[in-house]
1. Just a yes or no: is a residue in the stretch A:83-93 within 14 Å of another protein chain (Cβ to nearest Cβ) and closer than 24 Å to A:Pro6 by Cβ?
2. Scan the stretch A:44-67 and give yes if some residue there is within 14 Å of chain B (Cβ to nearest Cβ) and more than 22 Å from A:Ile186 (Cβ to Cβ), otherwise no.
3. Could you name every one of the helices (runs of 4 or more DSSP H) located completely within the stretch B:589-696 that has at least 1 residues being away from every other protein chain (no Cβ under 14 Å), at negative phi and surrounded by fewer than 22 Cβ atoms within 10 Å (Cβ to Cβ)?
4. Which numbered condition in (1) assigned to a strand (DSSP E or B); (2) farther than 28 Å from B:Phe255 by Cβ is the only one that B:Asp319 fails?
5. Taking only the stretch B:373-396 into account, find how many residues are small (Gly, Ala, Ser) and over 20 Å from B:Lys362 (Cα atoms).
6. For the stretch B:371-387, enumerate the residues that are assigned to a helix (DSSP H, G or I) and over 24 Å from the mean Cα position of the chain (by Cα).
Amino acid sequence: MNSYIPTSLEEALKILFEHDCYILAGGTDLMVQNHRSSGLLPTFKKDVLFTSQIEGLDYIKVINNELHIGANTKYISMIESKFVPTMLKNVFVEIASPSIRNMATLTGNINNASPAADGTVPLILLDARLVLQSKDNKREISVDDYLIGFKKTDRKPNEMVTEIIVPLTDHKYLWRKVGSRKAESISKVTFLGAYKTSNNKISDFRIALGCVSIKPVRSKQVESKYIGLTIDELKNKKDEIVNDYNQLIEPVTDQRSNKEYKRKVAINLLKSFIDSIK
Amino acid sequence: MLPEYKTSVKKVDNEEKMSGKALFTDDIQMDGVLSAVTVRSKISKGKILNIKLPTLPEGYYFISAKDIVKENVCNIIFSDWPVFADKEINYKGESIGLIVGEDKKICLDLVDQVVIEYEEKEPVFDMKNSAIHKDFEKGDKSVLNDPNLESYTEKFQTGYQEQVYLETQGMLVYLDGDKITVKASMQCPFYIHKAICRTLGYPEDKVRVIQPAVGGAFGGKEHYPSLMGAQLATALVKIKKPIKMVFDRKEDISFTTKRHPSETTISALIDKKGKIRALDIHVSLDAGAYIGCSGVVLSRALIAATNTYKFDYVHISGDAYITNKIPSAAFRGFGSPQSIFAIEMFLAHVAKKFRYPGVLYKNQYLVETGDTTSTNGKFRDKIILKELIVKAKEMSDYDRKEKEYSKPNSYRGIGMSYFLHGCGFTGSGESDLIKAKLIIRKDKNDIVTFYTSQVDFGQGNRTTLKRIVVDTLGIPEDHVIYDAPDTDKTLSTGPTAASRTIIIVGGLAAKAAQHLKDIWVSGKEQEIIEPYVGPDYIHWDEATMQGDAYPGYAWGVNVVEVSFDPITYEVHVEETWSVYDVGHAIDERILVGQADGGILQGLGYGYLEVEEMANGEFRQKTMSDYIVPTSMDAPKMHTAFIDNPFKYGAFGAKGAGELTFVGGAPAVCIAIEQAIKEKIYKIPANPEYLMEILEK
C-alpha cells in the first residue's frame, strides 16, 4: 500500500492515471471504515491519495449567481463563509460534531455516497453539479446523476471531483434532520422542501428526502405536477402529494431505526412542509 | 461531630488526569510485550468438533482450554463461566482461545484464519429456562380471599444497556520473578486476584494485582476483568513474556457484559376506592449464557420491587433465565432499576385509572421510619422522603406544571419518580462474605499511610476516602498517603461496587483513623488493622429472603420535564430537578458529579439507548449506532441534598453512586406519558416505540 501526497492537481491526476487509489480528503469516513483495531494504523486495501496538500482546491466563490466550492473546502469554511446561503449552512451545522466539521469536506460526503448523507440532500434539491477531472479530460455532471446507487458513484478510477457548483436561489424552504440525538448523529430521515410563489401561485416546488432510498429522493416529474397551482389548490392536493412520495420512497430497517418509522416521519415532514407554505 | 463542608476540595487526581500524565492500562509500555487477541465462537450453541489453526509463525501462540493449569472456571459469584470454552459453546462470541504474539496486526490476521468446525445445536434466546428462582411474601394473605377486590395486571419490559466507560477493557500481565503481576482497567482488584489464583491453583502470594488509572466502569469492570485475568494468566504461565490485551470499542460493545434485560409482571387487587390491597410482582431477568452474578442481581431486583412503598400484602418472586446470549452482569443499580421502573409505571397507571392527578395517588403508600421493608426487615433510620418530595415539587413548580401539561395536545409533560437504594452488599454479605480489613500505619515521621482495595475510576473516592482520614486525624493533607490499590500492600476492603465505598469502607477508614488517633504517639511507628463490624441488628436469610437486606438506604426524588415533537415522535428532555438523601454530603461537588452523570445515564436508559439482540448478536456495535446522550442532549439539571446523617457511615454519609441512576428512566417515561397521553410499558421509549403507541 502506497500513500501519495501530491501538491498540485496535475500531479494528483497523474497519480490517479497510474494507480487505483482511495482519495482521502478529511478522512472522517475512510479512516473509520478502514479502522482495524485500537493501537493499529488503519488498513487500506489499495493505495491512498491524500488531497490535503493539493494547492488551489480550497476556495468558495460566486460566479454568475452560482456558488463554486473547491473540492478541499471543509465544512467549517462553508459554515463561516459569507457566500454560502443559509439553507446550506443550516444543513451543514447539524452534520456530526465540530471536530468532524473541522476536517470533513462536502466532496467526501458526496463520494462516500451513503444513503444517510446529509450534504447530498440540498445539492440534489438545488440541481448542483460536480466538475470531475482526469489527466486528459474534464467533465460536468449533476449530483443526482453522479450518485448511482448504494455507496456507488459515476466516478471513474482515474477521475477526481475538483469542484462543486451550486446554483444560488431564493427559495423559501423547510429543512429537518431527524437523528437519534441532538449531535453526532447519523440521520434516520432528512427532509428538505423548497418553493417559490408569484402572484399567489406556486412558481417552483421541490422536495428532497434523505435516508429513505439508496440515495436522496427527488422527482422533477412529480414536482412539475404542482408547479403553477395556486397555494390553496396545492394545499388541497396534499393527499395526492403524500401519495406520490409514499410511492417514491423505499426506506429499509437498519440498526438505527425501522422502515415504518422512517416512512411515517418522512410523510409527516412532507405534510408539515405543505402546511407551512404561504 | 460532623465537619461542615460548604466548599469542595480539588480532586487529588485532577492534575495527573488533566495533564495527561496519568497512565491507563494501554499507556503502560514494557519491553517485549506481546499482544493477545481472542478467538471467538461464531455460533450461539453447539459443540466444538475441531479447531484448525493456521501455521503459527515463530513467537506466536494459541492458548486455549488445553492450556488450563488447574481449573477451567472463572471465579465469579456463581462460577459457571469457563475461562475458555472447551467443548460446549453457549453463546456467540464466547472465548475459545487467544492468539498471542508480538504484532497485534499479525495476531488479528491469524485469528481470522482459525477454522473451527462445530456441531450446531438449537440455541435458546427466550426466557424459558429458569436457573434461579426466588419467592417471598409479606403481610396478611387473607386479603386474597376478599371477593370485592378487582384484579388489575400490567407487564413491563426493559432492554439491554451498555456501560460505555470511556476506557475500554484492557489488561497487562507479566512475571515479576515468579509472581504473576496484573495491571488492568478494573473495579475489583481482589476479584481478579482470586480468579487467577483459582484457575492456576496458585497460592495468594504468587499473584499480584495493581491498579493503574481507570477510565470509568459503571459495573462493567466488576466481573469481566476476572475472565480476562484468568485467560491472560494462563497464557503467561505458558509463554512467560509480558502480554497485553486491550479491546477495541467494537469488541468491547459486542462481547462484554451488559445490564440484564427484564420483564416484570405486576398484579394488584384493588378495592372500590382504588386502593391497592395486595400486590403480586414477578421479575424475569435474562442472565445470558452463564449465571455469574445474576442470582445477586435478581435478589436486589426483588428486594427493591416495592420501592419506597408499603402494601398490606405483597408476594414477590422472580427468575433468572439462562439463554444462549452474552452473559449479563453488573451495571449501576444492579437489578433495582428494572423493578423500580416497573412499580413506578404501574402506580402511575393505576393513578390514571382512578383519575388521581400526578403523584397524589402513590403518596398514600410511602414507607415511614419504623416500617417493615419488603423482606420484613426494618427501616430503622429516619426516613425523610416526604421532605425530599416537598423540596422537589417546590424547585420544579411541579403542581402548576402537572396541571397545565395534562391538557390535551400540550405535547409537554412532567414526571416525578421516587426511589431508594440499599447501600452495601445484600444482607450479611459485608460481615460474612467480604469481611473487609483496612490497614492504617504511621511511620516515625508521623506520616500516615492507609490502604483500601477501592478503585477510583472517576467517581472521586480517592479524594473522599483520603479526606475522611485527614479530617479524622486532624493532620495536614500532605501527611497522609493514600495510593491506588495493590494486592501486595492492601488487605481486601472489598469490591468497588454496590454503593458501598463511602458508607462501608469510608466508615471503616474513619474508624481506623480514630483508633490510630486514640493511640497516637508522635515519632513512633504504629499500625492498626481495622476489621469491618456490621451493625448488630443485621440479620438476613438468603434462602427465604427474609430480614434486613441492607445496613442503610439512600433515597431520592427526580422530576423530569419533557417536550414532544408530534411530527417526528422525538422527546426533548428540557430540565431535571433532583433531591437526594445520601446521609451527610462529605464533598458536595463530587456528589453533584455522581448526580448529574447518574440521571443522564438513567435518562438515556429510559428514552434513548437501544441495544437490540438478533440471533445472539448485538445489532448496535459502535458508538455511532449505540446512542448515548451527548452534552447537547443533556438537560439543565438542578440538584439538592437534604442532610440526614447515617450513624454507621463515615461522617454520616450513605451511598450515592447507584441511587442517582435509578430514578431517571421512570421519571422521563411518566413525563412522556403526560406529553402523549398514552401509556408506556417498555424502555427505551424511543421515537420508534412512541410512534407505534400513537399510531396503533
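The values are calculated or read from the model by the stated rules, or taken from the named source; none is laboratory data. Values in this document were obtained by computation on a predicted structure and should not be read as measured data. We place every Cβ from the backbone using ideal geometry, glycine too, and count neighbours over all the protein chains shown.
1. Looking for residues that are within 14 Å of another protein chain (Cβ to nearest Cβ) and closer than 24 Å to A:Pro6 by Cβ, one finds none in the stretch A:83-93, hence no.
2. Yes - at least one qualifying residue is present in the stretch A:44-67.
3. B:664-676
4. B:Asp319 satisfies all of (1) assigned to a strand (DSSP E or B); (2) farther than 28 Å from B:Phe255 by Cβ except (2).
5. 1
6. Scanning the stretch B:371-387 gives B:Lys386, B:Glu387.
For (1) surrounded by fewer than 23 Cβ atoms within 10 Å (Cβ to Cβ); (2) out of contact with any strand residue (DSSP E or B) (no Cβ under 6 Å at 6 or more places or on another chain); (3) within 14 Å of chain A (Cβ to nearest Cβ), each residue gets a yes or a no:
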site	(1), (2), (3)
B:Ala213	yes, no, no
B:Phe218	no, yes, no
B:Ser226	no, no, no
B:Lys241	yes, no, no
B:Thr264	no, no, no
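Residues checked against (1) of a type in the set (Lys, Arg); (2) more than 30 Å from A:Gly39 (Cβ to Cβ); (3) outside the structural domain of B:Tyr191 (by TED's automatic domain parsing):
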site: B:Val111; (1), (2), (3): no, no, no
site: B:Val115; (1), (2), (3): no, no, no
site: B:Tyr118; (1), (2), (3): no, yes, no
site: B:Phe136; (1), (2), (3): no, yes, yes
site: B:Asn148; (1), (2), (3): no, yes, yes
site: B:Asp178; (1), (2), (3): no, no, no
